[in-house]
Amino acid sequence: MRGFQIVEIQLDKRGRPAFRLNLGVVPQEGIVHASGRIPAEDVWVQYLEQYFQVYRRPFFRHWFDARRWLGSAPTEADIEATVDEAVTLMPEIEEVFVSGTCGPHVRCVGG
């Protein structure tokens, strides 16, 4: 895939310690959106006709989250383990940018 590669970290809007990754490729000349022409550096992944989302469990759209037991706050170690889990998916993320192929943790949207 050619163009400007974007990786966005989308945090949970309710403030819980959770995130997913959004991936996309923007043409170097930018895109034409309903609101007009948008330069490549101002494009958000969701503006694209096709983009990708990386989840812990994509079938259920389960985000990466620091596991908590019985409502307790996650520890720093819990948070680091969650980030480490996402980092292990780098080969799947790279494959999106190389060939547009969705691995087991990647959901293709549009296109």
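The values are calculated or read from the model by the stated rules, or taken from the named source; none is laboratory data. Note that this is a predicted model, so its numbers are computed, not measured. Backbone-built Cβ (ideal geometry, glycine too); neighbour counts: all protein chains shown. All accessible areas refer to the heavy atoms of the entire protein, side chains included, with ligands and DNA or RNA removed. Shrake-Rupley method; radii C 1.70, N 1.55, O 1.52, S 1.80 Å.
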Contact order relative to length of the chain, as percent, for alpha carbon pairs under 8 angstrom and 6 or more apart: 26 percent
Where does the chain land at 222 nm, in deg cm²/dmol rounded to the nearest 500, when only DSSP H runs of n ≥ 4 count, each adding -39500 (n - 2.57), divided by all residues? -6000 deg cm²/dmol
At most 15 other C-beta atoms within 10 Å and a DSSP loop state: those are the exposed GluC sites (Glu not before Pro) I care about. Give me the longest piece of the chain that has none. 50-111
Pop a pseudo-label 7 angstrom from the Cα along the beta-carbon direction at both TRP69 and LYS13 and give the gap in nm to one decimal. 3.3 nm
Here, trypsin sites (Lys or Arg not before Pro) of segment 1-51 satisfying both criteria (DSSP loop; at most 16 other Cβ within 10 Å) are ARG2, LYS13, ARG14
If the chain between ALA77 and ARG107 were fully extended at 0.36 nm per residue, the gain over the current Cα-Cα distance would be 8.0 nm
Any chance you could look up the accessible area of LEU21 with a 1.4 Å probe, heavy atoms only, rounded to 10 Å²? 20 Å²
Considering only DSSP states other than H, G, I, E and B, which chymotrypsin sites (Phe, Trp or Tyr not before Pro) in segment 33-111 qualify as loop sites with at most 12 other Cβ atoms within 10 Å? TRP69
Rounding to the nearest 10 and keeping the result within 0 to 90°, find how far the Cα-based axis of helix 90-99 lies from the longest principal axis of the chain. 10 degrees
Accessible area per residue in Å² at 1.4 Å probe, computed on the chain: 66 Å²
Computed ³J(HN,Hα) along segment 62-74: with the Karplus parameters 6.51/-1.76/1.60, θ = phi - 60°, integer Hz and x for glycine or proline, the list is 7, 6, 6, 9, 6, 5, 10, 9, 6, x, 6, 6, x
Given the Cα-Cα distance of GLN5 and PHE60 and 0.36 nm per residue of separation, how much length would full extension add, in nm? 17.2 nm
Let me know the charge dipole size of segment 4-109 about its Cα centre in debye, to the nearest 20, where only the beta-carbon of Lys, Arg (+1) and Asp, Glu (-1) is charged. 600 debye
Which angle between 0 and 90 degrees, to the nearest 10, do you get for helix 76-87 versus the longest principal axis of the chain when only C-alpha atoms count? 40 degrees
